[in-house]
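Asks: Following this message is one structure expressed as structure tokens.
The values are calculated or read from the model by the stated rules, or taken from the named source; none is laboratory data. The model shown is predicted, which means the values in this text are computed figures rather than measured ones. Here the Cβ is made from the backbone with ideal geometry for all residues, glycine too, and neighbour counts use every protein chain on show. Only protein heavy atoms, including side chains, enter the accessible area calculation; ligands, DNA and RNA are left aside. Shrake-Rupley method; radii C 1.70, N 1.55, O 1.52, S 1.80 Å.
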Amino acid sequence: GVSDEEVLRLAAAAETASEHPIARAIVASAAGADLPEPTMFANVPGEGVQANVAGEVIRVVRPDAVDLPAGLADVVAEAESLGQTVVIVAREGRVIGALALADTLKEHSRRAVRRFRELGLTPVLLTGDNERAAQVPETKVQAGWLAQVNPRMLGGRMSAVWQCNLQHRASPGMGGIE
């Protein structure tokens, strides 16, 4: 098998060119590790990334973007039930591991949601995360949520905004919970 350290090292190397918050968290988790420089990087919207790392194709993707081995599917389900976001790491098309991450809700996010409510607005979190991961910050700030937002599945941002309006009677806005 592949060690946990190697899975993290390969994922972090593949994610170094990405600006996505999950990518930044993975790279930060590997601080101090010797990360090879990727020679190719591609962002696959709604799915993850693919990079050539040390001559091998490394993918860091959503669990539904690959066929999971039976044992790993159970681990992913358990992590997601705890509100964690899981990414799958594959090398040369073979799944070699998974990484579980959890959001940290910043105080300024709580204040912003409280202020929106005072203004009569209904804040809604649009996220690519699973439903349980979306519910964790929701319970802390009392905002609605729409999980598993995927640009390819929804036909782009306007579809997500339209669905948000229908489900929550909310107006769109931009922001983030890190």
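Asks: GLU47 fails exactly one of the following numbered conditions: (1) surrounded by fewer than 18 Cβ atoms within 10 Å (Cβ to Cβ); (2) touching a Lys or Arg at 6+ places or on another chain (Cβ under 8 Å); (3) of a type in the set (Asp, Glu). What is the number of that condition?
Replies: Failing condition for GLU47: (1).
Asks: Which one of LEU68, LEU8 is open to solvent by less than 60 Å² (accessible area, probe 1.4 Å), part of a helix (DSSP H, G or I) and either modelled with pLDDT of 95 or more or under 15 Å from LEU99 (Cβ atoms) (or both)?
Replies: None of the others qualify; the one that does is LEU8.
Asks: Identify, by number, the condition in (1) open to solvent by less than 70 Å² (accessible area, probe 1.4 Å); (2) among the charged types (D, E, K, R); (3) part of a helix (DSSP H, G or I) that GLU78 doesn't meet.
Replies: (1)
Asks: From the list GLY128, GLY144, GLY93, GLY156, pick out the single residue that is closer than 30 Å to PRO38 by Cα and modelled with pLDDT under 65.
Replies: Of GLY128, GLY144, GLY93, GLY156, the one residue that is closer than 30 Å to PRO38 by Cα and modelled with pLDDT under 65 is GLY156.
Asks: Would you point out the residue of the stretch 39-57, among those that are modelled with pLDDT of 95 or more and within 17 Å of the chain's Cα centre (by Cα), that is farthest from VAL95 (Cα to Cα)?
Replies: ALA42
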